[in-house]
Amino acid sequence: MSSLKADFDELRERIRHGRELGHASFEPIYYLVFSPDQILEVKRQTPAWVSKLHQEGWDVHTFSIAEHIWSLLKDDPLWSLCVIEDKSAPMDWSRTNKALADILVADNGLLKRLEDALQPLEGSKSALLLVTDLEALHPFFRIGAIESQLQGKFHVPTVFLYPGVRTGKTRLKFLGFYPEDGNYRSVHVGG
């Protein structure tokens, strides 16, 4: 298994050189793939990585999946009802997860927020979007589904910090236990 430092260095090099023409799409989408047991280490390293990217001239914008999920949930008009219902049956995880998923998929909220984060960066040669906290998508989504719905919207390098397992050049297993998915149109480093 490669080290996070080596993988991050390779990622920086790939971003610097851009995408090759042989990939499934021309969008500058990159995944830094790491073992799920390294989630905490990635969180510790992220500020240093952002600093390193800044030193190399990138204007780094961070998009935290966890922060946006929480914001969507607490701002939903049904949130207080969800809290009350959860207190009445705190161990009914399937019901809780379904209620939370219903809020998150309503009006494509998370998708729109990511698109809204990308849109103002378009045209900036130094902008880079760093998408963190992908583990917060479990059990509601997988990032590949969101990525595919935003096809054509990635105009600046976008890096996803992906906890999972790489099972081929384009196949990934989210969190190491979801079925492998080969629908990614991105460059994968690490894993």
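What do you reckon, is Val42 farther than 22 Å from Phe174 by Cα and either without any contact (Cβ under 8 Å) to a residue 12 or more places away in the chain or of a type outside the set (Lys, Arg) (or both)?
So Val42 fails the test.
Filtered by the rule that a residue be open to solvent by 70 Å² or more (accessible area, probe 1.4 Å) and closer than 19 Å to Leu134 by Cβ, the stretch 80-123 gives Val105, Asn108, Lys112, Asp116.
Of the helices (runs of 4 or more DSSP H) lying entirely inside the stretch 18-106, the ones with 2 or more residues being over 27 Å from Lys153 (Cβ atoms) and of a type outside the set (D, E, K, R) are found at 39-55, 79-88, 93-105. Being open to solvent by less than 70 Å² (accessible area, probe 1.4 Å), under 28 Å from Pro47 (Cα atoms), β-branched (Val, Ile, Thr) and not in a loop (DSSP other than H, G, I, E, B) holds for only one residue in Val165, Val156, and it is Val165. Considering each residue of the stretch 170-187 in turn, at least one proves to be out of contact with any Gly (no Cβ under 7 Å at 6 or more places or on another chain), of a type in the set (Lys, Arg) and surrounded by 15 or more Cβ atoms within 10 Å (Cβ to Cβ). Remark: Thr62 matches the filter, which requires a residue to be in contact (Cβ under 8 Å) with a residue 24 or more places away in the chain, open to solvent by 80 Å² or more (accessible area, probe 1.4 Å) and either more than 30 Å from Ala106 (Cβ to Cβ) or not basic (Lys, Arg) (or both).
The values are calculated or read from the model by the stated rules, or taken from the named source; none is laboratory data. Predicted, not measured: the structure shown is a model, and the values here were computed from it. Cβ sites come from the backbone with ideal geometry, for glycine too, and all protein chains shown count toward neighbours. Accessible surface is based on the protein model in full, side chains and every heavy atom, while ligands, DNA and RNA are left aside. Shrake-Rupley method; radii C 1.70, N 1.55, O 1.52, S 1.80 Å.
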